Amino acid sequence: MIDALVVGLGNPGKEYARTRHNVGAEAVGLLVERAGSKFRAGRDRALVADARIATRRVVLAFPTTYMNESGQAVGALMRRHKLLDPTQLIVVHDELDLPPGVVRVKVGGGLAGNNGLRSITQHVKTQEFVRVRIGIGKPPSKERGADHVLSRLPKAERELLDLAIVRAADAVEVVVAEGPDVAMRQFNGT
């Protein structure tokens, strides 16, 4: 039995690496490194790694579907590991509604136009999972949304997001070890 499933959202493939849309996947990749583990191909359309955070057993995952279909992997992983409490699912993702580099933790809430969250909600039948949100800022216009999330970043913004990825990984560790309320108090006030 595992205590939590931690999923980093993004798109597979080198062309999407290091884009704004993949910061969630990068944060989970950092957690895999910290745990001294490695991703392996899983049966559920995801790369997975077993790890310990504090005394808790977790599965770290990166869906190999495109972000808009992330729920296929997440739903299957939740069923495989018999996770019934939605707060055992921690999703790390990019957030247009937060300024670049800001990290926030919340439980439940709306989808904020994130199709990865929409897909997960459809497959797990609830929005009450934990989210670790990494701000990427809004595009100049709605028409430029896809370009904004999928394009390479200027160096200064990339450095800001690299720091946010570390902070997001720290936030996941607090959520797993001490619960989302402690993580919200610790990360949402700064």
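The values are calculated or read from the model by the stated rules, or taken from the named source; none is laboratory data. On a predicted model such as this, the values are computed, not experimentally measured, just so you know. Cβ coordinates were reconstructed from backbone atoms using ideal geometry, including for glycine residues, and neighbour counts include every protein chain displayed.
Some notes on this structure:
- Looking only at residues of the range 39-65 that are among the basic types (Lys, Arg) and modelled with pLDDT of 95 or more, we find that the one that is nearest to residue 79 (Cα to Cα) is 45.
- The residue that is farthest from residue 64 (Cα to Cα), counting only those in the range 99-120 that are of a type in the set (S, T, N, Q) and at pLDDT below 95, is 114.
- Within the range 26-38, the presence of a residue that is at pLDDT below 95, surrounded by 22 or more Cβ atoms within 10 Å (Cβ to Cβ) and over 25 Å from residue 126 (Cβ atoms) is excluded.
- Residues of the range 149-163 classified as within 23 Å of residue 115 (Cβ to Cβ) and crowded, with 16+ Cβ neighbours inside 10 Å, total: 3
- Candidates 42, 8, filtered to the one that is more than 30 Å from residue 138 (Cβ to Cβ) and not charged (D, E, K, R): 42
- Just one of (1) farther than 24 Å from residue 19 by Cα; (2) crowded, with 24+ Cβ neighbours inside 10 Å; (3) aliphatic (A, V, I, L, M); (4) in contact with a helix residue (DSSP H, G or I) (Cβ under 6 Å, 6 or more places away or on another chain) fails for residue 54. It is (2).
- Checking residue 15 against (1) under 18 Å from residue 116 (Cβ atoms); (2) charged (D, E, K, R); (3) in a loop (DSSP other than H, G, I, E, B), the condition it does not meet: (3)
- Some residue of the range 128-143 being under 18 Å from residue 25 (Cβ atoms) and without any contact (Cβ under 8 Å) to a residue 24 or more places away in the chain: no
- Set 124, 107, 103: member being touching a helix residue (DSSP H, G or I) at 6+ places or on another chain (Cβ under 6 Å), of a type in the set (A, V, I, L, M), under 28 Å from residue 52 (Cα atoms) and free of Cβ contacts under 8 Å to residues at least 60 places away in the same chain: 124
- Among (1) closer than 18 Å to residue 174 by Cβ; (2) of a type outside the set (D, E, K, R); (3) in contact with a Lys or Arg (Cβ under 9 Å, 6 or more places away or on another chain), the one test that residue 151 misses: (1)
- Matching residues, the range 69-91, being charged (D, E, K, R) and either at negative phi or free of Cβ contacts under 8 Å to residues at least 40 places away in the same chain (or both): 69, 79, 80, 85
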